[in-house]
1. Mind counting the residues in the stretch 80-89 that are small (Gly, Ala, Ser) and open to solvent by 60 Å² or more (accessible area, probe 1.4 Å)?
2. Hey, among 47, 80, which residue is modelled with pLDDT under 95 and more than 17 Å from residue 133 (Cα to Cα)?
3. State which residue is most open to solvent (accessible area, probe 1.4 Å) when the search covers only the stretch 130-162 and only residues that are closer than 22 Å to residue 114 by Cα and touching a residue at least 60 places away in the same chain (Cβ under 8 Å).
4. Kindly check whether there is at least one residue in the stretch 112-131 that is in a loop (DSSP other than H, G, I, E, B) and on the phi > 0 side of the Ramachandran plot.
5. Looking only at residues in the stretch 30-79 that are among the polar types (S, T, N, Q) and either open to solvent by 70 Å² or more (accessible area, probe 1.4 Å) or outside any helix (DSSP H, G or I) (or both), which one is farthest from residue 94 (Cα to Cα)?
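The values are calculated or read from the model by the stated rules, or taken from the named source; none is laboratory data. All values reported here derive from a predicted model rather than from experimental measurement. FYI the Cβ positions are ideal-geometry reconstructions off the backbone, even for glycines, and counts take in every protein chain you see. Surface accessibility is based on the protein's heavy atoms, side chains included, excluding ligands, DNA and RNA. Shrake-Rupley method; radii C 1.70, N 1.55, O 1.52, S 1.80 Å.
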Amino acid sequence: PAKKPQTDLTSIPQMNPKTRQSADHSMAYIVSTLLRKALEQGRVGWKELMLSPYDYSAEAIAHPVTRALMDKIDFQHGGKEYDSRYPDGIPTSVIITGTDGTQHDSGLVMYPAGHARNTEADLEDILSHKFSLLGGMAFDDPEPIVQRFMSLPDLSPQELQELHDFDIAERQDFVDADA
């Protein structure tokens, strides 16, 4: 028989995260934050909704809309069909039911974006966006630094020695939830 995942998605820390660490491991928090951002921005998509360290601040973890969405989440075990496909992939499905009863069903997702076997997502584009998003926290213009790291195989020995020679901007608008 297939090995069942060890994580209990309904445990107290998972359903009621209070720290960056517990929020980062909370499916309820991650999904609710993505839904909140989609509602606020009126957009959907990996790049548009990508979570950043700001989404794990104390303020974000306690966001009332995120918390209200978390209260509506119900996890259900996928059964033998899902168990038999693990650990080959990460068999998952999400069903969102609107206030009018309309259901939006992802269907079975075996290899989400970022999984080694996913052939649909443009992983290079997603990672490039993520690098720029995170780099923007440390640099006014992150692109030169992102490009420096993206061209790592082509760097000369001198350029490699200077790889980490840059100044990081100090940002006053980020407060770590675990600090």
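1. The qualifying residues number 1.
2. It is 80.
3. The residue in question is 130.
4. Yes, the stretch 112-131 contains at least one residue that is in a loop (DSSP other than H, G, I, E, B) and on the phi > 0 side of the Ramachandran plot.
5. Once the filter is applied, the top-ranked residue is 57.
Results for (1) of a type in the set (Lys, Arg); (2) out of contact with any helix residue (DSSP H, G or I) (no Cβ under 7 Å at 6 or more places or on another chain); (3) at pLDDT below 90, shown as yes or no for each residue.
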position	(1), (2), (3)
130	yes, yes, no
136	no, yes, no
139	no, no, no
142	no, no, no
152	no, yes, no
157	no, yes, no
164	no, yes, no
173	no, yes, yes
176	no, no, yes
